[in-house]
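To start, the structure itself, in structure tokens.
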Amino acid sequence: MSSKDIICGLDIGSDNVRIAVGQRIGEETEKLHIIGASECDAEGITKGVITSIEDAISSITACLEKAERMTGLPIDKCWVGISGSHIISQESKGVVAVSKASGEI
């Protein structure tokens, strides 16, 4: 199983932080087999707004650690969902210097 076959989704809500981890089945299919899921109380988040960054980080970290223990896999990439009336998107272009060609941004 390669890391490209693993898909992780993180939902950051006001009440709970949830993570689902799926494994893609077969090369030609878009089917996923859920191999792990975890849920923790959301601390430091009120109505979609982060009120305490330290508490929010602790909640997300605890949920992530539970999911990693359940699946037996390290999770290093994740699709993240967060909502709130304050969320906006902005199209932008930029340049970032990376020390190595294989460096991650």
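The values are calculated or read from the model by the stated rules, or taken from the named source; none is laboratory data. Keep in mind it's a predicted model, so treat the numbers as computed, not measured. Please note: Cβ atoms are built from the backbone with ideal geometry, for glycine as well, and neighbour counts cover all protein chains shown. The area values use the complete protein model at the heavy-atom level, side chains included, leaving out ligands, DNA and RNA. Shrake-Rupley method; radii C 1.70, N 1.55, O 1.52, S 1.80 Å.
Of all residues in segment 31-49, exactly one satisfies the criterion of being assigned to a loop (DSSP other than H, G, I, E, B) and in contact with a Lys or Arg (Cβ under 8 Å, 6 or more places away or on another chain), namely K31. Looking only at residues in segment 37-49 that are at pLDDT below 95 and surrounded by 18 or more Cβ atoms within 10 Å (Cβ to Cβ), the one that is farthest from I88 (Cα to Cα) is A42.
Look at S92 and say whether it is small (G, A, S) and open to solvent by 50 Å² or more (accessible area, probe 1.4 Å). Yes. The requirement of being in contact with a strand residue (DSSP E or B) (Cβ under 8 Å, 6 or more places away or on another chain), at pLDDT below 95 and not acidic (D, E) is fulfilled nowhere in segment 89-104; no residue meets it. Scanning segment 10-19 turns up no residue that is open to solvent by less than 40 Å² (accessible area, probe 1.4 Å), modelled with pLDDT of 95 or more and polar (S, T, N, Q).
Among the residues that make up segment 27-39, is at least one of them over 20 Å from T71 (Cβ atoms) and hydrophobic (A, V, I, L, M, F, W, C)? No, segment 27-39 has no match at all. Could you tell me whether V98 is without any contact (Cβ under 8 Å) to a residue 12 or more places away in the chain, of a type in the set (V, I, T) and out of contact with any Pro (no Cβ under 9 Å at 6 or more places or on another chain)? Yes, satisfied. Scan segment 50-87 for residues that are in contact (Cβ under 8 Å) with a residue 24 or more places away in the chain, assigned to a loop (DSSP other than H, G, I, E, B), surrounded by 11 or more Cβ atoms within 10 Å (Cβ to Cβ) and of a type in the set (S, T, Y) and the total you get is 1. Apart from one condition, T29 fits all of (1) closer than 16 Å to D5 by Cβ; (2) open to solvent by 80 Å² or more (accessible area, probe 1.4 Å); the exception is (2). A count restricted to segment 18-60 and to residues that are more than 16 Å from I82 (Cα to Cα) and β-branched (V, I, T) stands at 5.
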